[in-house]
1. Among the residues of the range 108-124, which ones are surrounded by 15 or more Cβ atoms within 10 Å (Cβ to Cβ) and small (Gly, Ala, Ser)?
2. Would you point out the residue of the range 22-49, among those that are within 18 Å of Ser93 (Cβ to Cβ) and either touching a strand residue (DSSP E or B) at 6+ places or on another chain (Cβ under 8 Å) or free of Cβ contacts under 8 Å to residues at least 60 places away in the same chain (or both), that is surrounded by the most Cβ atoms within 10 Å (Cβ to Cβ)?
3. Would the range 80-99 turn up any residue that is charged (D, E, K, R), closer than 26 Å to Gly183 by Cβ and buried (at least 18 other Cβ atoms within 10 Å of the Cβ)?
4. Would you check which residues across the range 98-119 are aromatic (Phe, Trp, Tyr), under 11 Å from the mean Cα position of the chain (by Cα) and under 19 Å from Leu51 (Cβ atoms) and list them?
5. Working only within the range 156-188, note down all residues that are of a type in the set (D, E, K, R) and in contact (Cβ under 8 Å) with a residue 40 or more places away in the chain.
6. Look at the range 147-165 and say how many of its residues are hydrophobic (A, V, I, L, M, F, W, C), part of a loop (DSSP other than H, G, I, E, B) and within 13 Å of Ile115 (Cα to Cα).
7. Looking at (1) touching a residue at least 40 places away in the same chain (Cβ under 8 Å); (2) farther than 24 Å from Glu5 by Cα, which is the one condition that is false for Phe114?
8. Name, by its number, the condition in (1) assigned to a loop (DSSP other than H, G, I, E, B); (2) surrounded by 15 or more Cβ atoms within 10 Å (Cβ to Cβ); (3) free of Cβ contacts under 8 Å to residues at least 60 places away in the same chain that does not hold for Ala142.
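The values are calculated or read from the model by the stated rules, or taken from the named source; none is laboratory data. In this text, all values refer to a predicted model and were calculated from it rather than measured experimentally. All Cβ positions, glycine included, derive from the backbone under ideal geometry; neighbour counts span all protein chains shown.
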Amino acid sequence: MHDRESAIALWREHNDDESLYRHALSVEAAMRRFASARGEDPDYWGLVGLLHDVDYQEHPDEHLKHARAMLAAGGYDEAFIRAVESHGWGLCSEVEPRLYMEKVLYAVDELTGFIAACAYVRPSRSVLDMETKSVKKKWKTAAFAAGVDREVIEKGAAMLGMELDELIAETILALRDHAEAVGLKGAV
């Protein structure tokens, strides 16, 4: 099993953008929460979330085309690499999420970004005082966080057998637990 420090070192070997790092930490937080809720290994799931975009900064137009080589060089096994590749299913990868962990990653990747965008426009700039209804209100405005593919999030929730509201609520709670690290503590 890899440790978090070596995963961060691998991430930093290929990335230096702090906004991307906060996103990686956000997805890690969500993955850890969902793993704990299912009685799974939060450290393993968290590392999958942390490294899911390992190749994005160096290869934004070929996202996930280089992740396999980077992760293999870091000593990650096939199951780990497959999980990372599955989050781009139908977008930049043909690897369909099959395991529950893969479905969670698929669902929360875009969602963490959307929740962050919602937090940034709040007076508090925080997830600590954010509720699901605030996110759902922005959800309906197509121009808000227009780069976030809401269909992917909805498809992910359906794959998980969860209502969208429940997925949003759990992801907010995950981000609250790590609000300072992910840059969403704001002024609360």
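1. Residues satisfying the conditions are Gly113, Ala116, Ala117, Ala119.
2. Gly49
3. Scanning the range 80-99 turns up no residue that is charged (D, E, K, R), closer than 26 Å to Gly183 by Cβ and buried (at least 18 other Cβ atoms within 10 Å of the Cβ).
4. Tyr106, the sole residue that qualifies.
5. Correct list: Glu170, Arg176, Asp177, Lys185.
6. Of the residues in the range 147-165, 1 are hydrophobic (A, V, I, L, M, F, W, C), part of a loop (DSSP other than H, G, I, E, B) and within 13 Å of Ile115 (Cα to Cα).
7. If we test Phe114 against (1) touching a residue at least 40 places away in the same chain (Cβ under 8 Å); (2) farther than 24 Å from Glu5 by Cα, just (1) comes out false.
8. (2)
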